[in-house]
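Just so it is clear, none of the values below were taken in a lab; they were calculated from the coordinates. All figures in this text were calculated on a predicted structure; none of them were measured in a lab. Cβ placement follows ideal geometry from the backbone for every residue including glycine, while neighbour counts extend to all protein chains displayed.
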Amino acid sequence: MTDMFAMQRANGDWFALEDDGRLRVPIFHSAHEALMARLRSVEMLLFSPIALDARLLNEIVGDRNEVDFCIINNPFASLRRGLRLPQSQLASLLSSAATPT
């Protein structure tokens, strides 16, 4: 199973960047990649990688419509350079990763 990780603070806040009035949540392929990206971004120092599932995905979005996700393929590049995904597509990736083959 392939996990995907987002960054969460101890108080439950999720790390997101503002992008044209919308929130963009960076998603990482591994906890290690998330930690490497955290080393480059002072804003992320209080956040830890958390493996995503459908419940957490819904928690991140909540009642907001202005949340996007972006897959970060290179944790050493800018967090704004990831592949943008809508919630529905990320949910599909998470469910296919959770389904045993």
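What chymotrypsin sites (Phe, Trp or Tyr not before Pro) in segment 16-99 are in a loop by DSSP, with at most 10 other Cβ atoms within 10 Å of the Cβ?
On the way: sites: PHE28, PHE47, PHE69, PHE76; in loops: PHE76.
The qualifying sites are PHE76.
Stretching ARG80 away from GLU66 to a fully extended chain increases their span by 3.4 nm, per 0.36 nm per residue minus the current alpha-carbon distance.
Projecting the Cα atoms of PHE28, LEU17, SER96 onto the dipole axis of the chain, where Lys and Arg carry +1 and Asp and Glu carry -1 at the beta carbon, places PHE28 farthest toward the positive end.
Neighbours of ILE50, meaning other residues whose beta-carbon lies under 15 angstrom from its beta-carbon, give a summed charge of -2 when Lys and Arg score +1 and Asp and Glu score -1. Segment GLU59..VAL42, full-extension length gain: 3.7 nm, with 0.36 nm per residue of separation and the alpha-carbon distance subtracted. Compared with the rule-of-thumb size 2.2 N^0.38 Å for a compact globular protein, the chain has a Cα radius of gyration ratio of 1.00.
Give the peptides 77-87, 4-14 in descending order of average Cβ contacts within 10 Å, highest first. Don't skip to the answer; put the middle values down first.
Working: 77-87: 13.9, 4-14: 15.6.
By packing density, highest mean first, the sequence is 4-14, 77-87.
Our coupling estimate for segment 4-17, obtained by passing each phi through the Karplus curve with A = 6.51, B = -1.76, C = 1.60 and θ = phi - 60°, is 10, 10, 10, 9, 10, 8, 4, 7, x, 5, 9, 6, 8, 9 Hz, Gly and Pro reported as x.
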